[in-house]
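Asker: Please find one structure pasted underneath; my questions will follow.
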Amino acid sequence: MDRQLDKIKLFVGNQQAATESPKTDSSRQTEKAINHTQKENKSSITQTTVQHLTGQPLSYKKSADQNLPKQKDTHYNIPPPIQIPTYTGNKPNIDYQIYLFSSQQVQEALAILYPKISEICNHLKPQRERCISSYPYRMPDGSCNNPYTGVLKGASLTAQARFVDPEYGDPDNLGYIPRIYGKNGKLTSPREISNVVLSTTKDFRSPRSTRYTLTLVHFAQFVDHDVIKTPATKIPDSTPNDMFNEQKIEDCDEDCVKPKEHCFPFEIPDDHFQNEFRTKCMHFVRNKPAPPEWCLPGPRQQLNERTAFLDLSATYGSSQIRVDELRQWEGGRLNASKDDLLPDGPPVGDCLPDQVCFNSGETFSFNLEKYVAVTFLILGRDMAYGSNLISSKTGHRNSFSAYADPSTLNEFGAAAFRFGHSLVGRHTGSMDRNFKIKASEEMRRDFFNNDKMRDLNIYGPTRMGRWMAETLMRKRDRFISDQIRNHLFETNFDGPSDGFDLASLNIQRGRDHGIPGYNKLRMYCGLYPANVFNIGPMGFRDHDYETVKKLSQVYSHPNDVDLFVGGITEKPSYNGDILGPTFKCLIAQQFQRYKEGDRFFYENNFPKTGFTLDQLNDIKKQTFAGIYCRSLKLKTIQPKVFEKGGTNRRLLCDSIPSPDLNLWKEK
Ligand code: HEM
Ligand SMILES: [Ca+2]
């Protein structure tokens, strides 16, 4: 560890620390390499990049000559599903093979040095672990999945990709200023948009789906946490001996007009948020900028802390350190507490100050997942087939392409896959073994609170699992439950609300990331953009009249409509579908990339890294219901847990297939 610290000090220019430490051959080599690169690279990094990368704030006041983001040529062609990476053109003259930093070093260095990315950018272009293409397993940080065209494709701590170029608010479109201007001036406050377009009332709440259960909602959330986690900007601790500590930024709600560096607060109109706890300005911290590809000048990008691959990194962690921490080191098992819950962890997780937090890669662990099943339901039959996402019933099928880029896309994480926020209801509940309600409470008491998971008498995973499998989710529509739209992270349960609004955060997050308007992404998908606020052929073809009227109250031009708002308010493509066409297109393309960009995708027939035919066919027999039975120790469950009704009646768990572990015995 000490040696690693020394190397990291070296990155920040702490020469004294570097000379005092005992040097190994490799650290000498690294030092030499860094000096060499510094010389080589000086000319290729412009002043603009450095300013951009250090996140220098500019005033948010619009200058007189500030032009609106330039409109690019519109096109109606459906783009090719996979973008060929452009790794050839601008590659600076650096021998990347020299940099054999481990993923741990990369993580530690990034943690210390943010937001001073410019300083590390030249040094950290790691060839993480040396790639051996015959190594049969995934690397914990996702590196080396593609040893042919990019060893870091899809790896944790790389920049999120994009469908289309970002549109920020500063004249050079570099991202000092988030997207704050629309066609006719400043964009409306996210909270106002949320109040007008996305709110429920006491008398009107989103209707329930007639088919899909809450298991689908929270499994989709689990998938989301496997493929993306975008870190917020934090202040590195200035104490020289405690460089690993980062401080959360807490005071972003002081000034909405001239916000502090890294802050992007938004105005709150006259509503119940204005009370003794809150000012007129909602706290919001910008997400961390990511080192751009090859450290070349370019607009601000955002990081992904998770591996983009569907590799259960939410359970196992996205780095070697996390994986090692979570293992029992006996019998190939993960750590667990005595009740088979996750093990207790340090008080740094997402839990209340007086609670014992759980320790996991992310969240409660399942062992074998069928991601494909859920994409099928979310995307609908047409899109799932069209995007090569359907698995055959038996047998191998190669889908890997060395040119596919599996990185999670910014528009997917900041907008499209947040569609799940519309499916969330109002309660957390539990059911007894007869699937009768045992208890239920408003969800607002449960944010960061793990009491219900630990309460094995009334709630606990088993009873909550039954409740999720039996309870229908809300329809995906423009109504977001007041539990997350007014009471997110609330602490003052009985007095005036001091909660957040998740819908506003989604809108503001899109602007923080420079996500262009809804129309831009429609055009990317080959769909007609809306030019006027009506539902005719020139207008919002995929919306209903009432919704378009509301959009026109808060946006002065259709091009201004935020992607999250435009997508979440679309009508479903077909009767019975969950999504409308725009989110369907973006999510389908993302999942196609996850599949085709993953050398370890379970159906691939590659010697050494693939499953044998018997193993694969056995995996294909498994269902999520089986995982429910075994993980939650259930007696009965319906065979399709994401759905309810029809012929999908509850069965004894004994009749649901279990994996044959003999197939995995080393011979
Ligand atoms: C009660 C349920 C949920 C709560 C309380 C919740 C809360 C949150 C919060 C607080 C954020 C960060 C907002 C920001 O500042 O940008 C977030 C992000 C996100 N949520 Fe949810 N969410 C829930 C359910 C879901 C579901 C069901 C899905 C998907 C099906 C989903 C998908 C996402 C995605 C993709 C992100 C972006 C993640 C990232 O970039 O790090 N969420 N959610
Ligand atoms: Ca992952």
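The values are calculated or read from the model by the stated rules, or taken from the named source; none is laboratory data. Note that the coordinates shown come from a computational prediction; the quantities given were computed from them, not determined experimentally. In this analysis, Cβ positions are derived from the backbone assuming ideal geometry, glycine residues included, and neighbour counts consider all displayed protein chains.
For every residue, the table says whether it meets (1) of a type in the set (Ser, Thr, Tyr); (2) in contact with a strand residue (DSSP E or B) (Cβ under 9 Å, 6 or more places away or on another chain); (3) surrounded by fewer than 21 Cβ atoms within 10 Å (Cβ to Cβ).
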position: Ile458; (1), (2), (3): no, yes, yes
position: Ala469; (1), (2), (3): no, yes, no
position: Leu472; (1), (2), (3): no, yes, yes
position: Lys475; (1), (2), (3): no, yes, yes
position: Thr491; (1), (2), (3): yes, no, yes
position: Gly495; (1), (2), (3): no, no, yes
position: Asp512; (1), (2), (3): no, yes, no
position: Pro537; (1), (2), (3): no, no, yes
position: His543; (1), (2), (3): no, no, no
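Asker: Taking the criterion of being in a loop (DSSP other than H, G, I, E, B) and either among the aromatic types (Phe, Trp, Tyr) or under 23 Å from Thr408 (Cβ atoms) (or both), would at least one residue in region 608-631 satisfy it?
Answerer: Yes, the conditions are met somewhere in region 608-631.
Asker: Has region 403-415 got at least one residue that is surrounded by fewer than 19 Cβ atoms within 10 Å (Cβ to Cβ) and at pLDDT 90 or above? Working first, answer last.
Answerer: Let us first name the residues in region 403-415 that are surrounded by fewer than 19 Cβ atoms within 10 Å (Cβ to Cβ), namely 403.
With the extra rule that they be at pLDDT 90 or above, the set shrinks to 403.
Scanning region 403-415, I find at least one residue that is surrounded by fewer than 19 Cβ atoms within 10 Å (Cβ to Cβ) and at pLDDT 90 or above, so the answer is yes.
Asker: Which of the residues belonging to region 492-515 are modelled with pLDDT of 95 or more and touching a helix residue (DSSP H, G or I) at 6+ places or on another chain (Cβ under 7 Å)? So that I can check it myself, show each step before the final result.
Answerer: Within region 492-515, the first condition is being modelled with pLDDT of 95 or more, and the residues that meet it are 502-515.
Within region 492-515, Leu502, Ala503, Ser504, Asn506, Ile507, Gln508, Arg509, Gly510, His513, Ile515 meet the criteria.
Asker: Pick out the one residue from Arg162, Arg130, Arg138 that is within 16 Å of ligand 1 (Cβ to nearest atom) and either at pLDDT 50 or above or on the phi < 0 side of the Ramachandran plot (or both).
Answerer: Working: Arg130 fails: within 16 Å of ligand 1 (Cβ to nearest atom); Arg138 fails: within 16 Å of ligand 1 (Cβ to nearest atom).
Exactly one of Arg162, Arg130, Arg138 is within 16 Å of ligand 1 (Cβ to nearest atom) and either at pLDDT 50 or above or on the phi < 0 side of the Ramachandran plot (or both), namely Arg162.
Asker: Shifting gears a bit: Answer with yes or no whether Phe204 is in contact with a helix residue (DSSP H, G or I) (Cβ under 6 Å, 6 or more places away or on another chain) and either away from ligand 2 (no atom under 16 Å from the Cβ) or touching a residue at least 60 places away in the same chain (Cβ under 8 Å) (or both).
Answerer: On the way: in contact with a helix residue (DSSP H, G or I) (Cβ under 6 Å, 6 or more places away or on another chain): no; either away from ligand 2 (no atom under 16 Å from the Cβ) or touching a residue at least 60 places away in the same chain (Cβ under 8 Å) (or both): yes.
Taking the combined requirement at face value, the residue does not satisfy it.
Asker: Now, a different point. Do you know which of the residues in region 297-315 that are more than 9 Å from ligand 2 (Cβ to nearest atom) and out of contact with any strand residue (DSSP E or B) (no Cβ under 7 Å at 6 or more places or on another chain) is farthest from Thr408 (Cα to Cα)?
Answerer: The extreme case among them is Pro297.
Asker: Only one of (1) modelled with pLDDT under 85; (2) within 16 Å of ligand 1 (Cβ to nearest atom) fails for Phe266. Which number is that?
Answerer: (1)
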